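Remarks on the structure that follows.
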Amino acid sequence: GQQLNQSPQSMFIQEGEDVSMNCTSSSIFNTWLWYKQDPGEGPVLLIALYKAGELTSNGRLTAQFGITRKDSFLNISASIPSDVGIYFCAGQPTGNQFYFGTGTSLTVIP
Amino acid sequence: DGGITQSPKYLFRKEGQNVTLSCEQNLNHDAMYWYRQDPGQGLRLIYYSQIVNDFQKGDIAEGYSVSREKKESFPLTVTSAQKNPTAFYLCASSSGIHTEAFFGQGTRLTVV
């Protein structure tokens, strides 16, 4: 299957700091999704992106669909303790299934 | 409430036994999926179904079987042929194969 490289693998930040993470693929994708997963729970959809260059916000979260269509970025501003969790990107090539990254584990230190 | 329900939350089985995980959705979604998640790894697709009575293998289908007799239900059977069945299993659904998927709460299967 497709390989999605998600980085960083883990982050430890102070409350109030901004966070950036990204996902890259070797193939062109038509759709990028970002999910958050709490321990022992299913992933929850945060943002969906459908066009190259698209920039979409959801509260303190902002995600972008890269111009090359091979990458996507997620930013979290002014982090708070409840942002703790694992963030996954997912991408879909043309007419195909979604492929998931390996996740970024976020720890917010109060 | 609309959503995806997986049951049970925790499941324990002895090695060599088949076990079936339940997934029900009331979102009227056409597509349903089963993923496996291992510690420190992303989600890997086991099987997916775009319509009733049709399903396709994902990347790691060996040792698993599914059925899609009703639109709202997509049960997964972990057979004794699956060499390493202990994992967290996630069911998801979407309105179509090209749209974003919504996940259930997951079932943690432990085989002893």
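In table form, for the structure just shown:
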quantity: Inter-label distance for B:Ser73 and A:Ser77, nm, one decimal - labels placed 7 Å from Cα along Cα-to-Cβ; calculated: 4.8 nm
quantity: Dipole of chain A, positive end: most advanced residue of A:Gln97, A:Val19, A:Gln64 [Cβ charges, Cα centre]; calculated: A:Gln97
quantity: Neighbour-count order for B:Thr77, A:Thr24, fewest beta carbons within 10 angstrom listed first; calculated: B:Thr77, A:Thr24
quantity: Nitroxide proxy distance, nm - points 7 Å out along Cα→Cβ at A:Asp18 and A:Gln3; calculated: 3.1 nm
quantity: 3J(HN,Hα) from dihedral phi, region A:32-38, Karplus parametrisation 6.51/-1.76/1.60, rounded to Hz, x for glycine, proline; calculated: 10, 10, 10, 10, 10, 10, 8
quantity: Cα gyration tensor category, rounded, prolate or oblate, for region A:5-45 with a/c compared to 1.5; calculated: oblate
quantity: Inter-chain Cβ neighbour average for residues A:80-90, partner chain, 10 Å; calculated: 1
quantity: Most positive-pole-ward Cα, B:Ser80, B:Tyr47, B:Gly104, against dipole of chain B from beta carbon charges; calculated: B:Ser80
quantity: Antiparallel DSSP beta bridges within region B:56-112, as percent of all bridges there, nearest 5; calculated: 100 percent
quantity: Per-residue mean of C-beta atoms belonging to partner chains within 10 Å, peptide B:98-106; calculated: 6
quantity: Unit Cα scatterers, Debye sum, the protein assembly as shown: log10 I(q)/I(0) for q = 0.18 Å⁻¹; calculated: -1.31
quantity: Span per principal axis, largest first, for the Cα atoms of region A:69-110 (Å); calculated: 43, 16, 12
quantity: Chain A: antiparallel DSSP beta bridges as a percent of all, rounded to 5; calculated: 90 percent
quantity: Shielding of B:35-46 by partner chains, average beta-carbon count, 10 Å; calculated: 4
quantity: Additional length obtainable on full extension of the chain from B:Ser80 to B:Gln41, 0.36 nm per residue less Cα span; calculated: 11.7 nm
quantity: Order of A:Met11, A:Met21, B:Met32 under a 10 Å beta carbon neighbour criterion, fewest first; calculated: A:Met11, A:Met21, B:Met32
quantity: Protection-proxy order for peptides B:69-75, A:71-77, each taking the mean of Cβ atoms within 10 Å per residue, highest first; calculated: A:71-77, B:69-75
quantity: Ellipsoid semi-axes in whole angstrom, largest first, where each is sqrt(5λ) of the Cα gyration tensor of chain A; calculated: 23, 14, 12
quantity: Whole-Hz ³J(HN,Hα) from phi, Karplus 6.51 cos²θ - 1.76 cosθ + 1.60, for region B:40-57, glycine and proline x; calculated: x, 10, x, 8, 10, 7, 9, 8, 9, 9, 8, 8, 4, 6, 9, 7, 10, 6
quantity: Antiparallel content of DSSP bridges confined to the protein assembly as shown, in %, to 5; calculated: 90 percent
quantity: Estimated translational D of region B:66-106 in µm²/s (Stokes, Kirkwood radius over Cα pairs; 25 °C; 0.890 mPa s); calculated: 202 µm²/s
quantity: Stokes-Einstein diffusion coefficient of chain B, Kirkwood radius over Cα pairs, 20 °C, 1.002 mPa s, in µm²/s; calculated: 155 µm²/s
quantity: Under Karplus coefficients 6.51, -1.76 and 1.60, residue-wise ³J(HN,Hα) of region A:103-110 in Hz, glycine/proline x; calculated: x, 10, 8, 10, 10, 10, 8, x
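No value in this document is a laboratory result; all are computed from the given coordinates. In this text the structure is predicted, and so the values were computed from the model without any measurement. We place every Cβ from the backbone using ideal geometry, glycine too, and count neighbours over all the protein chains shown.
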